[in-house]
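Comments concern the structure below.
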Amino acid sequence: MKIGVLALQGGFIEHIGALHALQVDSFEIRKREDLQTAMDGLILPGGESTVIGKLLKELDLFHALNEQIQNGLPVFGTCAGMILLAKKIRGTDTAYFGAIDMEVKRNAYGRQLGSFFTEAAFKGIGVIPMTFIRAPYIEWAAPEVEILSEVNKRIVAVRQNNLLATAYHPELTADNRVHRYFIEQIVEKRGKP
Amino acid sequence: MQAEIEKQYELNKNLAQMLKGGVIMDVSTPEQARIAEQAGAVAVMALERIPADIRAAGGVSRMSDPKMIRSIQQVVSIPVMAKVRIGHFVEAQILEAIEIDYIDESEVLSPADDKYHIDKSKFKVPFVCGAKNIGEALRRIAEGASMIRTKGEPGTGDVIQAVRHIRAMTSEIRRVQSMKEDELYYAAKELQVPYELLRSVHENGKLPVVNFAAGGVATPADAALMMQLGAEGVFVGSGIFKSGNPAKRAQAIIKAVTNFSDPHVLAEISEDLGEAMVGINESEIQLLMAERGI
């Protein structure tokens, strides 16, 4: 198994570390040639969504990745990565992959003074540590989107088919159960009944 | 209380982690901030005069007008940073009051205190500080900085000092890494830094916070050079808005930071950028800002 980690900007090293701890192979995606390596799953890390979104297009990665996502590639997006997966971003007409039927709000908790740490439930896993850094949250999600965590009555983690998204950063904590969920429940089960 | 402070410090270090692989740009108007964001800057540094102009104007330079900073906060969704004078904790209180995302306690402005830096652990907002060696870096971290940048020599367009500082830092880190455990106590004394922080460097082979390059970066090649030397991201000050085509140069520098180790990409994006900032050589300048705040 091999997981591609989008490494254009942001906290991608932390995801590679979490995968490494689970003994899962990964590789960095920085330019078009990197996509010649076949992948079983993709991680879209945290960072600045405007930056990553722009570089995706300018480095000619967007269409190739979008095609794989449309074809059912398992994807895990955290924070900015979640924004890239959303169908709608509040206050703009821009969307990136638009693959999860939900609307997200950028910087929903305000500036850095609004960043926080908490512990809350993740459906099927239990209580996990959650680090929110200038984080978005999900305003609404379509009925076919499964809600995995809520904090203060806001949706902060969801799954739609092979796509997993969290507003917080599991990769910033030593707890790698969400990564394990992605690998075991989504990547390994792809195409199996 | 102590637990709250530690939690906040962790969040502040985490924000810097999310800025990695990015370019932070100096801007002095909302217009420039928008250009920077559209070009793909990961954050902007709001200041009334960019370092090259501070250098040209001389005199005392201070924190920017909060109104100007707010006007920039209003037009961009990326983090907004601003500078305070070294040791000027009241300027820092003011920036915290307007909910700045990161404070740069910066040698670019005139120092307000020749002895004490700000006790940054008293603040909820994060601080980035300049350093030209591991001693300065760990002292700033001990005071509560959650991000470090090399000092370089701001406003010159000459990268030599930033290179010197990042090389000094990475070679000192390697030296600390290879020390025997009992040698760490003596090294902590020599470097005038807390033992625990030095021990963390010894164990992890890196500073306990994110480390960016700053000062004198003017071209995509300069930015990639800093990344190959071990920086985790780059600040660009005067290099962008003192050049012929700021938007294009900004985009090129951003791509250079993402693909810093690929000469083919670097060759392509280095083409046709128009005029770089003229720059001043290190030997031609009177004021060495890097000597401020050790």
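The values are calculated or read from the model by the stated rules, or taken from the named source; none is laboratory data. These numbers were taken from a predicted model, which means no experiment stands behind them. Glycine gets a Cβ as well: all are built from the backbone with ideal geometry, and neighbour counts include every protein chain shown.
Out of curiosity, is B:Leu184 surrounded by fewer than 23 Cβ atoms within 10 Å (Cβ to Cβ), aliphatic (A, V, I, L, M), at pLDDT 90 or above and under 21 Å from B:Arg167 (Cβ atoms)? It is false that B:Leu184 is surrounded by fewer than 23 Cβ atoms within 10 Å (Cβ to Cβ), aliphatic (A, V, I, L, M), at pLDDT 90 or above and under 21 Å from B:Arg167 (Cβ atoms).
Meeting the requirement of 1 or more residues that are more than 13 Å from the chain's Cα centre (by Cα) and in contact (Cβ under 8 Å) with a residue 12 or more places away in the chain, the strands (runs of 3 or more DSSP E) wholly within the stretch A:122-178 are A:126-132, A:137-141, A:146-151, A:154-160.
Taken over the stretch A:78-94, the residue count meeting the criterion of being in contact with a strand residue (DSSP E or B) (Cβ under 6 Å, 6 or more places away or on another chain) and either more than 14 Å from chain B (Cβ to nearest Cβ) or not in a strand (DSSP E or B) (or both) is 9. For the stretch A:1-51, the set of residues classified as touching a residue at least 40 places away in the same chain (Cβ under 8 Å), more than 11 Å from every other protein chain (Cβ to nearest Cβ) and in a loop (DSSP other than H, G, I, E, B) consists of A:Met1, A:Leu22, A:Val24, A:Asp40, listed by residue number. Restricting attention to the stretch B:1-36, the residues that are surrounded by 19 or more Cβ atoms within 10 Å (Cβ to Cβ), among the aliphatic types (A, V, I, L, M) and either within 11 Å of chain A (Cβ to nearest Cβ) or farther than 18 Å from B:Gly239 by Cα (or both) total 8.
Can you confirm whether A:Tyr109 is surrounded by fewer than 22 Cβ atoms within 10 Å (Cβ to Cβ), touching a strand residue (DSSP E or B) at 6+ places or on another chain (Cβ under 9 Å) and part of a loop (DSSP other than H, G, I, E, B)? Considered against the rule, which asks whether it is surrounded by fewer than 22 Cβ atoms within 10 Å (Cβ to Cβ), touching a strand residue (DSSP E or B) at 6+ places or on another chain (Cβ under 9 Å) and part of a loop (DSSP other than H, G, I, E, B), A:Tyr109 comes out as yes. Within the stretch B:261-279, one or more residues are over 21 Å from B:Lys151 (Cβ atoms), of a type in the set (D, E, K, R) and part of a helix (DSSP H, G or I). The single condition among (1) out of contact with any strand residue (DSSP E or B) (no Cβ under 6 Å at 6 or more places or on another chain); (2) among the aliphatic types (A, V, I, L, M); (3) more than 14 Å from every other protein chain (Cβ to nearest Cβ) that B:Ala39 does not satisfy is (3).
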